[in-house]
Each structure stands twice: as C-alpha cells, then as structure tokens.
Amino acid sequence: MAESNSQQSDFGQIYFNSPEIIDRPKTIEELAQTLKAYNDRGICVKIRNTGHSINGQTLTSGAQINIGDIKGITFDKEKEEVTVGAGNSWDEMLKAINFPDYCPMVFPNNPGQQIKVGGTASVGGIGFYTSKYGGFWNHVTGLKLITMAGDIVSCSKTESKDIFYYALGGFGRIGVIG
C-alpha cells in the first residue's frame, strides 16, 4: 500500500505516481532478499532513497524499494575512513565525524540537507570542491553492491574492480549501492 506523498513525487514535484507496494529493508541482507524475491517472480522494481531524482525515474505504480532505512556509520579516526549506509544523510555523516574537526574532501551539500551518501555514490557526487579534489567517486575506497538478482558483491579498487568502477556514478544500472 502506498504511504506518504513523499513516495509519490520526484524532487522537483513535476512527476507523480503512487506505488502499489513499498518495501523498506533495514539491512543490506534484507535488501538482497527483497530484490531476489522480486527477481524470481519477474517483477520490476524501482529503487528510491530520498527521491532526489529527476523526471520521475524512481516513481512507479508497481513495487518500490525504499533504501532509506539502511543505516549505520562508523568512523576510524586513525585511518580517517568512514563507513556509511546507503540511507545515511550527509548531515548524519558529518555529525558522526565531528565536522568541522574532520571534513571529507568532497561533499555535495551544506550541513543540514538530507541528501543520502549512497545516492551520491550512485550518481557520482559532484560538489563545490570537485574541481580541486575530484568527484566523490574518487574518494570511495570500497562498497557493497546488491544486484537485482539479490547477490551481494563486495568491491573496491582491488576487489571486483570492474564492478566497483561501473557502480560509482552508474545510476544503479548494475545494482544498488548499499
């Protein structure tokens, strides 16, 4: 059943559609099971987070999977490395690393906005300092990709690196960045 209007419009509120089903997995494993179940039944799904898409590409009258509840942040100060769930906002991540004491080289928004880190990785991540430090994809060291068949693939610059590079900025074409 459709829930709030927030699941029925794109970011610009130009396109509207009401999903018949909305799934909200809370872990990567739940997401994998959900995708596998839909794939096994031949049902197309749309993936959605905060809906900062344009032209309604996350909207459907069928099955929608909202990944906004896949959360978790760890910060290794020694390595200066952050691990973030797809549903975590940049604001949540900045708070977790004690911004401004620590600051990522690239982030796409000002503190307080709710753009999600997973979505940024999926679209590439261009921000104010991109011309100096590169895009967000240049700073991602690894990720878990969940294929539409429900497989979880750990990838990085050294492990499954082709998948890693196709996933970053790939707009979800080969799977969901968890």
**Prompt:** Taking the stated definitions as given, is ASN39 open to solvent by 60 Å² or more (accessible area, probe 1.4 Å), under 18 Å from LYS144 (Cβ atoms) and either modelled with pLDDT under 85 or in a helix (DSSP H, G or I) (or both)?
**Reply:** yes
**Asked** Do we find that ALA149 is closer than 19 Å to ALA86 by Cβ, open to solvent by 40 Å² or more (accessible area, probe 1.4 Å) and either under 15 Å from the mean Cα position of the chain (by Cα) or among the aliphatic types (A, V, I, L, M) (or both) in this structure?
**Response** yes
**Prompt:** Just checking, how many residues over region 125-143 are over 28 Å from ILE28 (Cα atoms) and either part of a helix (DSSP H, G or I) or among the polar types (S, T, N, Q) (or both)?
**Reply:** 4
**Request:** Tell me, yes or no, whether region 116-133 has at least one residue that is more than 15 Å from the chain's Cα centre (by Cα) and open to solvent by less than 40 Å² (accessible area, probe 1.4 Å).
**Result:** yes
**Prompt:** Between residues in region 116-142 that are in contact (Cβ under 8 Å) with a residue 12 or more places away in the chain and among the hydrophobic types (A, V, I, L, M, F, W, C) and residues that are surrounded by fewer than 14 Cβ atoms within 10 Å (Cβ to Cβ) and assigned to a loop (DSSP other than H, G, I, E, B), which pairs lie under 7 Å by C-beta distance while being six or more apart or on different chains?
**Reply:** VAL123/PHE171
**Request:** Report yes if some residue within region 13-24 is surrounded by fewer than 14 Cβ atoms within 10 Å (Cβ to Cβ) and modelled with pLDDT of 95 or more; otherwise report no.
**Result:** no
**Prompt:** If you check PHE107, PHE128, PHE136, PHE75, which single one turns out to be hydrophobic (A, V, I, L, M, F, W, C) and over 24 Å from PHE11 (Cβ atoms)?
**Reply:** PHE75
**Fill in**
Inside region 77-97, the number of residues satisfying the requirement of being of a type outside the set (A, V, I, L, M) and either touching a strand residue (DSSP E or B) at 6+ places or on another chain (Cβ under 8 Å) or in contact (Cβ under 8 Å) with a residue 60 or more places away in the chain (or both) is 8
**Prompt:** Among THR83, THR60, which is of a type in the set (Ser, Thr, Tyr) and over 21 Å from GLY169 (Cβ atoms)?
**Reply:** THR60
**Asked** When only residues in region 79-101 that are open to solvent by 70 Å² or more (accessible area, probe 1.4 Å) and more than 15 Å from THR141 (Cβ to Cβ) count, which is farthest from the chain's Cα centre (by Cα)?
**Response** ASP101
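The values are calculated or read from the model by the stated rules, or taken from the named source; none is laboratory data. Nothing here was measured: the structure is a model prediction, and the numbers come from that model. Ideal geometry is used to build each Cβ from the backbone, glycine not excepted, and the neighbour counts take in all protein chains shown. For accessibility, only protein heavy atoms count, side chains too; no ligands or nucleic acids. Shrake-Rupley method; radii C 1.70, N 1.55, O 1.52, S 1.80 Å.
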